[in-house]
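S.K.: Input: one structure, supplied below.
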Amino acid sequence: MTRFIDVHSLVRLVDETGVAEFLAALSDALRDDFLRWREFDKKARVASHSHLGVIELMPVADDGAYAFKYVNGHPHNTQVGLPTVMAFGVLAEVDTGYPVLLSELTLTTALRTAATSAMAAKALARPDSRSLALIGNGSQSEFQALAFHALLGIEEVRVFDTDPHATDKLVRHLSACTPLDIVRAASVADAVRGADIVTTITAYQGHATVLTPEMIEPGMHINAVGGDSPGKTELHPGVMGLARVFVEYEPQTRVEGEIQQVAADFPVHELWRVLLGEVPGRESPRQVTLFDSVGFALEDYTALRYIQRIATERGIGQQIALVPELDDPKDLFGLTASGRRRAVLRRAA
């Protein structure tokens, strides 16, 4: 049987664990998997683009487990009452191909993205960072703020969105569940001025310029999340020239990330090498660091493995017959009404 985790089951897992604790445990699991990067069969995601958005498949595997995520990105969905991002995923045994887990990944994507952002910032941001500018206050923003508060000790969050209702929502939620000092900014420039860490997580289509070079200050760490497909970016190209740039999986980020705007030989460093100590991260307190995050399948693999473990331990989720259970594994037709009738006739004869 396959364990099925729907949204209600995932919410129960998060609530029983606690959001901050869930993010911390997931961030630790992500680091563990990034440290064994070479063990994974990796490839860039497969994307199908339309004029309204994108639908993607994201596969990855090691010797024991195979995982994939189905995910979309349609910024106009909110106008018809749907989330911009919707996702589900499967975790399967490599030896048999049997799917052991089918899980929602819409809420999980927000959680794993925040956990990945915080993991990267712990490796790249100044250790004394205490202020975060959060540009884009949509569905993933609370998780980013909570992850940086829980895992890096962020005390102040400066928030801005072109939609004031999104900021109202963010302020309401964070005020109710954290001791963070929340500052509403009048503009992007106002939000990032003096910030130690800047996260951009907008849903803009096209080559937006959420951050421009004159906004960048010495010692900043930039966490660029919203630009994640060809033709969709958040940073002015000049920002990259001011920073030491880090990515998840370079072949994918060259096509989808902020660095799609710069030369093909622009130097970048994969984050796993920093975590393993093979290349340096931040080289000085005044250096600007940039994590050009587009989301990579390994992060979903980690999330699915973590969900499977804690759901199994707590008996949460349904057991569903996603794969037929057969007395004879070669007799699939026997499941049908015609097959059952033939079996009855054979027994009667």
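The values are calculated or read from the model by the stated rules, or taken from the named source; none is laboratory data. No experiment lies behind these values; they were computed from the predicted model shown. Positions of Cβ are backbone-derived with ideal geometry, glycine not excepted, and every protein chain shown enters the neighbour counts.
S.K.: As an exercise: evaluate Ser284 against (1) surrounded by 12 or more Cβ atoms within 10 Å (Cβ to Cβ); (2) without any contact (Cβ under 8 Å) to a residue 12 or more places away in the chain and give the number of the one condition it does not meet.
M.R.: Only one criterion in (1) surrounded by 12 or more Cβ atoms within 10 Å (Cβ to Cβ); (2) without any contact (Cβ under 8 Å) to a residue 12 or more places away in the chain is unmet by Ser284, namely (1).
S.K.: Then there is this: Taking region 168-201 only, how many residues are in contact with a helix residue (DSSP H, G or I) (Cβ under 8 Å, 6 or more places away or on another chain) and of a type in the set (Gly, Ala, Ser)?
M.R.: Looking only at that region, the number is 2.
S.K.: Within region 291-341, can you find the residues that are of a type in the set (Gly, Ala, Ser), farther than 30 Å from Ala44 by Cα and not in a helix (DSSP H, G or I)?
M.R.: Gly315, Gly317, Ala321, listed by residue number.
S.K.: Follow-up question, since we're still on this one. Please indicate, with yes or no, whether at least one residue in region 175-192 is of a type in the set (Ser, Thr, Tyr) and surrounded by 24 or more Cβ atoms within 10 Å (Cβ to Cβ).
M.R.: no
S.K.: Okay, next question. Just one of Gln308, Gln252 is over 28 Å from Pro127 (Cα atoms) and not assigned by TED's automatic domain parsing to the domain that holds Val46; which is it?
M.R.: On inspection, the qualifying residue turns out to be Gln252.
S.K.: Now for a different question. Select from region 234-283 the residues that are of a type outside the set (Lys, Arg), more than 18 Å from the chain's Cα centre (by Cα) and assigned to a strand (DSSP E or B) and write down the one among them that is nearest to Thr202 (Cα to Cα).
M.R.: Selected residue: Leu235.
S.K.: Just checking, which of Gln260, Gln287 is farther than 23 Å from Ile154 by Cβ and of a type in the set (S, T, N, Q)?
M.R.: So the residue among Gln260, Gln287 that is farther than 23 Å from Ile154 by Cβ and of a type in the set (S, T, N, Q) is Gln260.
S.K.: Suppose we keep only residues that are of a type in the set (S, T, N, Q) and in contact (Cβ under 8 Å) with a residue 40 or more places away in the chain within region 82-107. Which one would you say is farthest from Asp63 (Cα to Cα)?
M.R.: Per the stated criteria, the residue is Thr84.
S.K.: Also, quick follow-up: Identify, by number, the condition in (1) at negative phi; (2) in the same structural domain as Leu57 (by TED's automatic domain parsing); (3) small (Gly, Ala, Ser) that Ala133 doesn't meet.
M.R.: Here Ala133 meets the rest and fails (2).
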